[in-house]
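Remarks on the structure that follows.
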Amino acid sequence: MAVFNKFNSFVEALAEGTHNLGSNTLKVMLTNSAPLSTNTIKANLTEISGGNGYTAGGHVLTVTSSSQALGVYKLIVSNIVITASGGSIGAFRYAVVYNDTATSDELIGYFDYGSSLTLASGESFTIDFDATNGLISLT
């Protein structure tokens, strides 16, 4: 499983009320350009083209739990399955999570899959979010 890397600006945006992780519309988009930890908004990145099973702007995340227990907050979201149909998707290497509700589509974090991937028609790719520890865990 790829490791989650947060963008530096996420911490400040969270502290200043930009993000309500339990109710804002969060999305995951694909890119083949390496994100920088200093990127702040979706417009800083180059998304792959939409089509053939990939939705431009990314796929909406379904929050299954947004809660804290014993002082630890976890945001748990459902996995996303992307299936190429009628043509290929990609190439992409990074899956970037951002807040679509926020005015400037503020970035949250990304997963690096280590090398570029291209899905041929009929192939699927699962973005596997950790159902135990959550996409985000704050202490």
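Here are some notes:
- Accessible area per residue, Å², the chain with all protein chains present, probe 1.4 Å: 49
- The range 1-64 and the range 69-95 have their alpha-carbon centroids 10 Å apart.
- Helix-only CD estimate at 222 nm, as mean residue ellipticity for the chain, using -39500 (n - 2.57) per DSSP H run (n ≥ 4): -1500 deg cm²/dmol
- Accessible area of the range 22-139 belonging to carbon and sulfur atoms, whole % at 1.4 Å probe: 46
- Contact order for the range 1-55, expressed relative to its length and based on alpha carbon pairs under 8 Å spaced 6+ residues apart, stands at 39 percent.
- The stretch between Asp128 and Val3, if pulled fully straight at 0.36 nm per residue, gains 43.9 nm over its current Cα-Cα span.
- For the chain, the C-alpha radius of gyration sits at 1.02 times the compact-globule guess of 2.2 N^0.38 Å, with N the residue count.
- Sites Glu16 and Ser78 - FRET efficiency at Förster radius 41 Å, r taken between beta-carbons, to 0.05: 0.90
- Counted charge near Ser116, where neighbours are those whose Cβ lies closer than 15 Å (Asp, Glu -1; Lys, Arg +1): -2
- Of the chymotrypsin sites (Phe, Trp or Tyr not before Pro) in the range 62-99, those whose Cβ has at most 13 other Cβ within 10 Å and which sit in DSSP loop: none
- For a straight C-alpha distance cut-off of 15 angstrom, the aspartates and glutamates reachable from Lys27 (same-chain residues fewer than eight places away being disregarded) are Glu47, Asp100, Asp105, Glu106, Asp128.
- In this calculation the C-beta distance from Thr46 to Ser23 is compared with R0 = 30 Å, giving a FRET efficiency of 0.55.
- Mean separation of Cα contacts under 8 Å (6+ apart) over length of the chain, as relative contact order %: 32
- The alpha carbon gyration tensor of the range 11-58 gives principal lengths a ≥ b ≥ c with a/c of 1.5 or higher and a/b no greater than b/c, which makes the shape oblate.
The values are calculated or read from the model by the stated rules, or taken from the named source; none is laboratory data. It should be emphasised that the depicted structure is a prediction, and the values quoted were computed from it without experimental measurement. Here Cβ is always computed from backbone atoms with ideal geometry, including for glycine, and neighbour counts include all displayed protein chains. Only protein heavy atoms, including side chains, enter the accessible area calculation; ligands, DNA and RNA are left aside. Shrake-Rupley method; radii C 1.70, N 1.55, O 1.52, S 1.80 Å.
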